């Protein structure tokens with residue numbers, strides 16, 4: 001099992017004047033102690049389950065680029081970008097730039113977007129659900145075309161919502177064959193179908209519904225002729241090891257529970273992550289304990 005760090009909040013001691021140095025320490029520590037990835041939410045305001053909208057929230061790709069320059073091993077991406085937040089061609093260029101400058105460590109986390117209040121507040125168009133999913137699918141198609149790098153990949157893209165006369169991407173991404181794509185969400189009819197058709201990974205919530213959701217994904221894979229085993233199954237989690245590591249056993253138990261339902265990679269937040277001793281405890285006691293944990297039914 002792989003472990004990724006998600007940073008969902010930036011309201012830390014010292015406020016904005018110390019935010020950069022605190023984030024730098026977090027990123028360096030996560031990179032050194034064995035986390036596989038670092039991700040941030042692609043939100044411009046804080047979301048309700050983490051705090052009020054006025055809490056500090058950094059723009060996702062700027063934060064990732066900052067951390068890319070401070071790390072050498074972790075992969076970097078958003079969990080996840082709302083497809084309507086950026087024009088698809090610009091999004092492909094943004095992820096490509098992160099990939100090139102990090103030496104091939106970027107991935108695209110993406111979903112259909114849900115935060116209407118945030119979008120309206122900042123003047124971002126927020127179409128109805130059906131249209132957002134149409135735009136998500138076209139965004140995936142555009143990114144794949146721009147990352148193709150072969151003759152003919154610059155041909156015009158003429159979709160229902162997006163028209164690109166020349167989807168040029170230079171420099172091309174360093175990752176081979178391209179940056180990985182993760183789609184977040186548990187919707188059975190649309191989201192998991194898009195995972196089967198376009199993505200390298202899915203991201204799900206840690207609920208007892210997981211085996212059913214993965215069965216749905218397996219059926220979508222059959223429908224489109226995709227090998228289910230090719231898709232990395234990831235889930236969110238809360239890495240609360242306690243003040244002094246007294247809850248490590250509970251965390252390891254939760255990870256075993258997720259592996260038993262078919263999850264390969266767990267991405268989670270750490271309470272008071274600015275206290276990097278908590279990251280060190282995870283690196284010392286949790287990551288080695290689950291490194292050889294095999295997910296149930298991964299290739300069925």
Margin query: Six or more apart or on different chains, Cβ atoms under 9 Å: show the pairs whose first residue is in the stretch 144-167 and on the phi < 0 side of the Ramachandran plot and part of a loop (DSSP other than H, G, I, E, B) and whose second is surrounded by 15 or more Cβ atoms within 10 Å (Cβ to Cβ) and at pLDDT below 95.
Written below: 147/153; 166/154; 167/153; 167/154
Checklist line | Lone qualifier among 208, 127 - being over 21 Å from the mean Cα position of the chain (by Cα), assigned to a loop (DSSP other than H, G, I, E, B) and more than 25 Å from residue 235 (Cα to Cα) | finding: 127
Check: For the stretch 187-201, how many residues meet the condition of being surrounded by fewer than 20 Cβ atoms within 10 Å (Cβ to Cβ), within 17 Å of residue 232 (Cβ to Cβ) and in contact with a helix residue (DSSP H, G or I) (Cβ under 7 Å, 6 or more places away or on another chain)?
Finding: 2
Item checked: residue 138 outside any loop (DSSP other than H, G, I, E, B) and either farther than 28 Å from residue 264 by Cβ or more than 22 Å from the chain's Cα centre (by Cα) (or both) -> yes
Margin query: Just checking, does the stretch 88-97 include any residue being farther than 30 Å from residue 134 by Cβ and in contact (Cβ under 8 Å) with a residue 40 or more places away in the chain?
Written below: no
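To keep it simple, each residue is scored yes or no on (1) within 28 Å of residue 166 (Cα to Cα); (2) surrounded by fewer than 23 Cβ atoms within 10 Å (Cβ to Cβ).
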site	(1), (2)
33	no, yes
38	no, no
70	no, yes
84	yes, yes
Next item on the list: Being out of contact with any helix residue (DSSP H, G or I) (no Cβ under 8 Å at 6 or more places or on another chain) and part of a helix (DSSP H, G or I) is the filter here, so list the residues in the stretch 60-92 that pass it.
Entry: 60, 62, 90
Next item on the list: Those residues that are assigned to a loop (DSSP other than H, G, I, E, B), within 17 Å of the chain's Cα centre (by Cα) and within 24 Å of residue 286 (Cα to Cα), I need them from the stretch 24-59; list them, please.
Entry: 35, 36, 41
Next item on the list: Confirm whether residue 249 is touching a residue at least 12 places away in the same chain (Cβ under 8 Å), surrounded by fewer than 18 Cβ atoms within 10 Å (Cβ to Cβ) and over 18 Å from the mean Cα position of the chain (by Cα).
Entry: no
Notebook entry, point to check: What do you reckon, is residue 204 touching a strand residue (DSSP E or B) at 6+ places or on another chain (Cβ under 7 Å) and buried (at least 23 other Cβ atoms within 10 Å of the Cβ)?
Noted result: yes
Check: Is at least one residue of the stretch 6-29 at pLDDT 95 or above, closer than 18 Å to residue 290 by Cα, crowded, with 18+ Cβ neighbours inside 10 Å and in contact with a helix residue (DSSP H, G or I) (Cβ under 6 Å, 6 or more places away or on another chain)?
Finding: no
Check: For the stretch 264-276, does any single residue satisfy the condition of being in contact with a helix residue (DSSP H, G or I) (Cβ under 8 Å, 6 or more places away or on another chain), buried (at least 20 other Cβ atoms within 10 Å of the Cβ), closer than 30 Å to residue 130 by Cα and modelled with pLDDT of 95 or more?
Finding: yes
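The values are calculated or read from the model by the stated rules, or taken from the named source; none is laboratory data. Owing to the predicted nature of the structure, the values given are computational and were not obtained by experimental measurement. All Cβ positions, glycine included, derive from the backbone under ideal geometry; neighbour counts span all protein chains shown.
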